[in-house]
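Visitor: One structure, pasted below without further comment.
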Amino acid sequence: MTNKEKKKIQAVIDHPERERTYYSLLEDLGDLRGNYADYMTTEPINCNEELQRVANADYELCTALLTAILREDHFSNGSFEHRQRAGQVDEILKRMVTELNK
């Protein structure tokens with residue numbers, strides 16, 4: 001990853017918008033995980049439990065977690081906005097930037 005990708009992620013952190021912005025970010029980075037369930041440890045997927053893994057997550061897990069909560073919103077309208085307000089979305093994005101800095 002280059003500084004360009006880090007700047008894209010930081011721009012979304014600095015200027016959060018609707019969930020479409022996050023889908024676009026993952027698509028632009030080539031990191032939208034269609035197989036996000038493969039990264040999860042719960043079945044059915046429990047996003048609350050999975051999000052506890054963010055602190056130790058590598059970059060790929062972060063992208064899978066972000067994809068998972070975007071998909072969660074598809075099935076439970078409004079959940080993404082709730083997670084965004086709670087700071088969970090930014091936590092994932094910040095972890096992504098941290099992992100890219102390694």
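The values are calculated or read from the model by the stated rules, or taken from the named source; none is laboratory data. It should be emphasised that the depicted structure is a prediction, and the values quoted were computed from it without experimental measurement. All Cβ positions, glycine included, derive from the backbone under ideal geometry; neighbour counts span all protein chains shown. SASA here: full protein model, heavy atoms, side chains in, ligands and nucleic acids out. Shrake-Rupley method; radii C 1.70, N 1.55, O 1.52, S 1.80 Å.
Visitor: Please work out the FRET efficiency for the pair residue 58 and residue 85, using the Cβ-Cβ distance as r and a Förster radius of 30 Å; give the result to the nearest 0.05.
Guide: With a Förster radius of 30 Å, E is 0.70.
Visitor: Of the accessible area of the chain, with the probe set at 1.4 angstrom, what percent is carbon plus sulfur?
Guide: 43 percent
Visitor: How big is D, in µm² s⁻¹, for the chain by Stokes-Einstein at 4 °C and 1.567 mPa s if Rh is the Kirkwood radius over C-alpha pairs?
Guide: 96 µm²/s
Visitor: Read phi for every residue in the range 35-43 and hand back ³J(HN,Hα) as whole Hz from Karplus 6.51 cos²θ - 1.76 cosθ + 1.60, θ = phi - 60°, with x for Gly and Pro.
Guide: 9, 3, 4, 5, 8, 8, 9, 10, 8
Visitor: Per residue, how many Å² of accessible area does the chain show with a 1.4 Å probe? Could you put the intermediate results ahead of the total?
Guide: Details: 5970 Å² over 102 residues.
Dividing the accessible area of the chain by its residue count gives 58 Å².
Visitor: Ok, one more. Quick one: if you stick a label point 7 Å off each Cα along the C-beta vector at residue 14 and residue 41, how many nm between them?
Guide: 3.5 nm
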